[in-house]
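Take a look at the structure below.
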């Protein structure tokens, strides 16, 4: 989660305020992460699973971070549709949280409640790690990583690795499985970022050299 915090401050406190617009940045990864943090906060409660206070506190902190980012996103969104989308999705997530909580508390007890909430948390966790995939197509199409923040990519990978290790000590299948997949998704995203980042630099270098050659071949006295 420390890496997630780094990505938050890097992108929110620099990119959006400096540009005064969200441009092509997507709110999807952060909206999904909000629901993921809510689910894991629920999983961390003692009446769902005992001795899980670390999961509860870290995801509560992550929830505050994501909601703060979304607030900044809405402030700088230059499209009313984007602002409304964020608001509607958050309302939907609030309603879904109430439904999940009611079902968990009324229909399940003991280990069955842990299983139900654990599976739900795993689903949202996988969605969170997979949500940046929506940006992959744009990166591949434009051959640019402009809208795939490096710190967000690194945060996803680091977060997956750290929680995978945590899920082994002692073993927690719900934490282990989804975060193991998350580490794989994060690694793939870093590879994609690295490939197009350096490819983009080479392309700019080639264009600059071509322009220099063209200027050097230009006849003297040409207007």
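Pairs needed: first member in the range 133-144, within 21 Å of residue 182 (Cβ to Cβ); second member anywhere, part of a helix (DSSP H, G or I) and modelled with pLDDT of 85 or more; C-beta distance under 7 Å; at least 6 residues apart or different chains.
Listed pairs, sorted by first residue: 136/192; 139/192; 139/196.
Would you be able to say whether some residue in the range 79-88 is in contact (Cβ under 8 Å) with a residue 60 or more places away in the chain, farther than 24 Å from residue 136 by Cα and not in a loop (DSSP other than H, G, I, E, B)?
So in the range 79-88, the residues in contact (Cβ under 8 Å) with a residue 60 or more places away in the chain come out as 82.
So of that shortlist, the ones also farther than 24 Å from residue 136 by Cα come out as none.
Scanning the range 79-88 turns up no residue that is in contact (Cβ under 8 Å) with a residue 60 or more places away in the chain, farther than 24 Å from residue 136 by Cα and not in a loop (DSSP other than H, G, I, E, B).
For residues that are within 17 Å of residue 83 (Cα to Cα) and assigned to a loop (DSSP other than H, G, I, E, B), scanning just the range 19-46, find the one that is modelled with the highest pLDDT.
27
Can you name the condition, by its number, that residue 59 falls short on among (1) under 27 Å from residue 172 (Cα atoms); (2) modelled with pLDDT under 90?
Status for residue 59: all satisfied but (2).
When the range 89-114 is examined, which residues are found to be more than 25 Å from the chain's Cα centre (by Cα) and either part of a helix (DSSP H, G or I) or crowded, with 17+ Cβ neighbours inside 10 Å (or both)? Let's see the steps before the verdict.
Within the range 89-114, the first condition is being more than 25 Å from the chain's Cα centre (by Cα), and the residues that meet it are 102-114.
Within the range 89-114, 102, 103, 104, 105, 106, 107, 111, 112, 113, 114 meet the criteria.
The values are calculated or read from the model by the stated rules, or taken from the named source; none is laboratory data. Just so we're clear, the structure is a prediction, and the values are computed from it rather than from any experiment. Heads up, the Cβs are rebuilt from the backbone with ideal geometry, glycines too, and the neighbour counts pull from every protein chain shown.
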